[in-house]
Amino acid sequence: MLMGTNLVNAQTPAAGTTEDAPQVDWTGVSYYVLLFLLICVGVAVVGKILKIYDLTLKIQGKKGLRWNNVMGFICLVFLLAGLYGAYWSFTVQGSMTLPEAASIHGVKIDEMFTVTTILTMIVFFLTQILLFGFLFKYRHSEKRRAHFLPHNNTIEKIWTIVPAIVLTILVVFGFFTWQSIMDNTDAKGEVAAINVDITGHQFAWELRYPGKDGKLGPKDFKLTTAANKLGVDFKKKSSFDDLSADTMYLPVNRAVRLNIQAQDVIHSVYMPHFRVQLNAVPGLPTFFKFTPTITTAQMRTRLDDPKFDYLVYCNKICGGGHYNMQKVVRVVTEAEYQTWLSHQKPYLTDGLRKELHFAAAEPQQTVSQNRLALNN
Amino acid sequence: MSTLAVHDHGVAHHDEHGHEHHHNETFVSKYIFSMDHKMIAKQFLITGITMAVIAMILSILFRIQLAYPDKTFPLLTTLLGHFAPNGRISTEFYLSLVTIHGTIMVFFVLTAGLSGTFANLLIPLQIGARDMASPFMNMLSYWFFFLASVVMLSSFFVQKGPASGGWTIYPPLSALPKAMPGSGEGMTLWLISMVMFVASSLMGGINYVSTVLNMRTKGMDLWKMPLTIWALFLTAILGILAFPVLVAGVVLLIFDRSFGTSFYLSDIVLNGVQQPYEGGSPILFQHLFWFLGHPEVYIVIMPAMGISSEVMSVNSRKPIFGYHAMVYSLIGITVLSFIVWGHHMFVTGMNPFLGGVFMITTLIIAVPSAVKTFNWLATLWRGNIRFTPAMLFAIGMVSFFISGGLTGIFLGNAALDINLHDTYFVVAHFHLVMGSAAIFGMLAGVYHWFPKMFGKLMDEKLGYLHFWLTFIGAYLVFFPMHFMGLDGVPRRYYAFTEFASMQKWLTINTFITWAAIMAALAQVAFIYNFIVSIFAGKKSTQNPWESNTLEWTAPVEHIHGNWPGEIPTVYRWPYDYSKPGAEEDFIPQTVPFSQTMSSNLPHDFEDNPAGLEELNKYTSTLKAEEKVK
């Protein structure tokens, strides 16, 4: 059995070399098929040998191979190997995971993650050790009879109530964290959050920043044209000073409210470093408010990676280009942010101005946003 | 107290009748349009295994793409044509593979293949009925399932390819044929297939429920039913209540796609073109989908739980620990599973307050799951464990259920879900807790009841090989995925090459792919074992596992009506294993207490005062005799 595993695994390095060849690679395929058949023959041979060994034992008047013992022993080996494997995975692959949260609420999420991990891992190791330990310890024996134990109300009460209490703690902890994270309104006395409009379509993100008035102009999908990609409604004054941007710049330590929308299908704004994710849904604007706390430059030094950038990923299947729908996010100081902002071009381009001028003659209907009452 | 035990002595008249009936059977009525529950179970099983192999091959195809995103494989072009131009799977076809893999595995293998097989096989045999309540509907259920399978697979033969919006087919992606090629004819076929599938599932479910409620043999009250029956019964109830909602959702989607309605669509500009849809909500579909979708995962796992409970009890030679608690936790899961669907939608834009509520209900459902796990462990404790392949798979099921279930506590927590939603962490979670666990439950069932189905025994050694390769393979595949998820790697990505931060996972992807290939090849051991054993396996005895349940009192040869003569009467619960004082380490359900005076316990007569009196008399005479000695 183990030999088979090794053989299959041994192919891993070989795989790259044979399949690299650009020409039609029939030899490669038949090589693997033959290899597999060879393994099958090997397995069959080992099986026959075991059978013969088993029979000779029986002929000699012995009991034959005691498979219950063999399996019990393999269970123990699996337990030990599995524990080591889990430990290895936790240390090696665990260190490859996301760096510390770069936002205020992200730190809270990470704390809760740590608590949950500790609690669940205790249960994980305990139950798996008991499971495979019992298998080894209580493997079949002719001499013994199992212990008749249909139930024990005390212990059953204990292991119903204890998980219930632990989960209640997690629920309460989680519920309030969740409510505070999802609250996207500005509290009294708080500096107003910067509104950033992010709109997803196949397969890119569009950004819009408010101008001096700090307000984003309203949108209507019916106004969408080639020049007015987002369908901004220029009947409202607040639309005129809006800015369009290629990169999402955010000032550090200031609250940002993302106004998330989608034009065609559902997308999802996912910024794992900030622990931010919310779907972009056509017809249903969503909002996520958060405060970045670590600038891109700081993160680069912390990770020792001069090329590091925060990114927005798309995290809801949206079509063929789903796997490459990214937008760079730069967290900068307030001063850098203001300089950057002053260099951004207005959303109202000359082309759009022209188009609107011609369109002004036609009476334009404003259609109220179609939001479902149950959702917002 | 009755001492009359019914044995297998057939009444002459009955035998004759059965014989006559047998002669009238043609090949078509026996093997194709069969109305015998045992044959229908086999049909479900073999179709399910076939679909599982197909879905597994699909997964290997997309795993190859993930492992070698930069390499070309001309063979793929030979096999897949324009779906894999220039030796590489296209981005859209990659999504098709993911979608159809998920759909087939969840619905066709783990719902129909699992419930269909074991509900059909076990319900009549374990409760003591001659057949299902409605054999004709049962036959229809299989054939609708078969048609649904054919339609689903036929979508590989349409020009634009099969549905590719993910198995959850969220509109607008699935509703707008122009949004991606797979949303064209492929999606239409998906929807048609699904409607037929649900019809099949409902006909099956209604049958299972009515059979369990109405056709139990004498003495088989609900609290004497094996846990398999409890699980399959509750699963059927879940299916009956949940599947129609999916049909509702699917029909509205068909309207949106074909008749210009806007149930799920609003404010859409596709490729710069304004679409005429207004007023709908994509979230509505998600509510309808997950109202089925979440009970669905319990539809998948509960039969596996029931099977594992039964197999573990038989092979530990111990009663299942806390039988009542096991049943109540199944009932608890059934009820709660209807009010947790929103945890799939924490970050979809659903009202955050609802998210909080769903988080509470979700974490409550972890309690019955925990109880079940601890009870399984207690069942093993001080057992006398026989490692049949079925037992190993049942244990594997428990191990996966723990590993995958614990990560559910992370994902059920709305705050943690923000960063984990739709990442590989989710992929790892559900592949362990419902994918691997349920498939292991199913395999445990196949190995355990193979003698009942085919009258032959499967080869144990090949079963061992199959188990260990699959078990280790599944852990090697899914364990590393947790860490990919914790690094924020999204699922359903065609390649990890475009993001600098994901490139460090490329080698691990290669490793996972080879582990998956190993696990997939291990299934050859199973398929070979399965087919060869049907024709050339060792003949099984009537009760090969020394089990208590009723199906092992039926003769090995399949007969219409299951038992020759009268159906046996049931006197006791199914878990009297290793009872102190009993001669053997098992006492079948058909053995009355009057025959086992030496092993009876006061507990056995809780609702039977006359029996308790008998027992007291018996013990007092025993004591008196001892004193005399």
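For chain B, the longest principal axis of the C-alpha atoms and the axis of helix B:91-103 are separated by about 20°.
Modelled spin-label separation between residue A:63 and residue B:612, with each label point placed 7 Å from Cα along the Cα-to-Cβ direction: 4.3 nm.
Extension gain, residue B:136-residue B:60: 0.36 nm per intervening residue step, less the Cα-Cα distance, totals 23.5 nm.
Do the alpha carbons of any pairs in B:218/B:617; A:237/A:307; A:229/B:504; A:327/B:504; A:222/A:345 sit beyond 31 Å of each other, and which pairs? In this structure, A:237/A:307; A:229/B:504 lie more than 31 Å apart at Cα.
Helix A:104-137 and the long axis of chain A differ in direction by around 10°, with both axes built from C-alpha atoms. Calculated mean residue ellipticity, 222 nm, chain A: -15500 deg cm²/dmol, from DSSP H runs (n ≥ 4) at -39500 (n - 2.57) each, averaged per residue and rounded to 500.
Each 10 Å bin from zero up to the one holding the largest Cα-Cα distance in chain A carries the following percent of pairs: 4, 14, 19, 17, 15, 14, 9, 5, 2, 1, 0. For peptide B:581-590, the mean count of partner chain Cβ atoms within 10 Å of a residue's Cβ comes to 1.
Contact order for the range A:194-359, expressed relative to its length and based on alpha carbon pairs under 8 Å spaced 6+ residues apart, stands at 25 percent. Counting only Cβ charges, +1 for Lys and Arg and -1 for Asp and Glu, the dipole size of the protein assembly as shown around its Cα centre is about 1340 debye.
The mean count of C-beta atoms from other chains within 10 Å of the C-beta of residues in A:70-79, rounded to a whole number, is 3.
Amide H to amide H, with H built 1.01 Å from N, residue A:276 comes under 5 Å of A:271, counting only residues 5 or more places away or on other chains.
Of the two radii for the range A:194-359, the radius of gyration is 0.97 times the Kirkwood radius, both from the alpha carbons; that is the Rg over Rh value. Please work out whether the range B:12-539 counts as rounded, prolate or oblate from its C-alpha gyration tensor, where a ≥ b ≥ c are the square roots of the eigenvalues and a/c under 1.5 means rounded, while otherwise a/b larger than b/c means prolate and anything else oblate? Judged from the Cα gyration tensor, the range B:12-539 comes out rounded (a/c under 1.5). Close amide H contacts of residue A:139 (hydrogens built in the peptide plane, cut-off under 5 Å, sequence separation of 5 or more or a different chain): B:385. Here's the picture: charge each Lys and Arg Cβ at +1 and each Asp and Glu Cβ at -1 in the protein assembly as shown, and of B:108, A:90, B:177 the one pushed furthest to the positive end of that dipole is A:90. Note on the protein assembly as shown: dipole from Cβ charges, positive end direction compared against A:238, A:228, B:529; the farthest Cα belongs to B:529.
Once both labels are positioned 7 Å from their Cα atoms along Cα-to-Cβ, the gap between residue A:129 and residue B:335 label points is 3.6 nm. Put simply, when A:58-65, B:182-189 are sorted by average Cβ atoms within 10 angstrom per residue, most first, you get B:182-189, A:58-65. Rounded to the nearest 20, the size of the Cβ-charge dipole of chain A about its Cα centre is 1620 debye, with Lys and Arg at +1 and Asp and Glu at -1. The charge dipole of chain B, taken about the Cα centre with unit charges on the Cβ atoms of Lys, Arg (+1) and Asp, Glu (-1), comes to about 1020 debye, rounded to the nearest 20. Is the C-alpha gyration tensor of the range B:201-270 telling us rounded, prolate or oblate? Criteria: a/c under 1.5 is rounded; beyond that, a/b larger than b/c is prolate, otherwise oblate. Prolate. I'd like the orientation of helix B:282-316 relative to chain B: the angle between its Cα long axis and the longest Cα principal axis, in ° from 0 to 90, rounded to 10. It is inclined by approximately 30 degrees.
Protection proxy ranking, highest mean first, for peptides A:140-146, B:194-200, B:570-576, B:437-443: B:437-443, B:570-576, B:194-200, A:140-146, where packing is the per-residue count of other beta-carbon atoms within 10 Å, averaged. From the Kirkwood radius over Cα pairs of the protein assembly as shown, Stokes-Einstein at 20 °C and 1.002 mPa s returns a whole-number translational diffusion coefficient of 70 µm²/s.
Coupling constants for the range B:322-338 follow from the phi torsions by the Karplus curve (6.51 cos²θ - 1.76 cosθ + 1.60, θ = phi - 60°), and in residue order they are x, 3, 5, 4, 4, 5, 5, 6, 4, 5, x, 4, 4, 5, 5, 4, 7 Hz; glycine and proline get x.
Among B:480-493, B:342-355, B:597-610, the peptide with the highest mean count of other Cβ atoms within 10 Å heads the list, and the full ranking is B:480-493, B:342-355, B:597-610.
Counting every C-alpha pair in the range B:327-421, the share spaced more than 20 angstrom apart comes to 47%.
What fraction of the DSSP beta bridges in the range A:194-359 is antiparallel, stated in percent and rounded to the nearest 5? Here the antiparallel bridges make up roughly 70 percent for the range A:194-359.
Only one residue of B:144, B:77, B:329 has its Cα farthest out toward the positive end of the dipole of the range B:12-539, where Lys and Arg carry +1 and Asp and Glu -1 on Cβ, and that residue is B:329.
Take each residue of peptide A:80-90, count the partner chain Cβ atoms within 10 Å of its Cβ, and average: the result is 2. By the gyration tensor of its Cα atoms, with a ≥ b ≥ c the square roots of the eigenvalues, what is the shape of the range B:126-284: rounded for a/c under 1.5, prolate for a/b over b/c, or oblate? Prolate is the answer for the range B:126-284, as a/c is 1.5 or above and a/b outweighs b/c. The mean sequence separation of alpha-carbon pairs under 8 Å and at least six residues apart, normalised by the residue count of chain A, gives a relative contact order of 14 percent. For chain B, what relative contact order do you get, as a whole percent, if you take Cα pairs closer than 8 Å and at least 6 residues apart? Over chain B, the number comes to 17 percent. Read phi for every residue in the range B:202-210 and hand back ³J(HN,Hα) as whole Hz from Karplus 6.51 cos²θ - 1.76 cosθ + 1.60, θ = phi - 60°, with x for Gly and Pro. Those phi angles translate into 5, 4, x, x, 4, 4, 4, 5, 5 Hz.
Values quoted throughout were computed directly from the atomic coordinates according to the rules given, and no laboratory measurement underlies them. Since we're looking at a predicted model, the values are computed, not measured. Ideal geometry is used to build each Cβ from the backbone, glycine not excepted, and the neighbour counts take in all protein chains shown.
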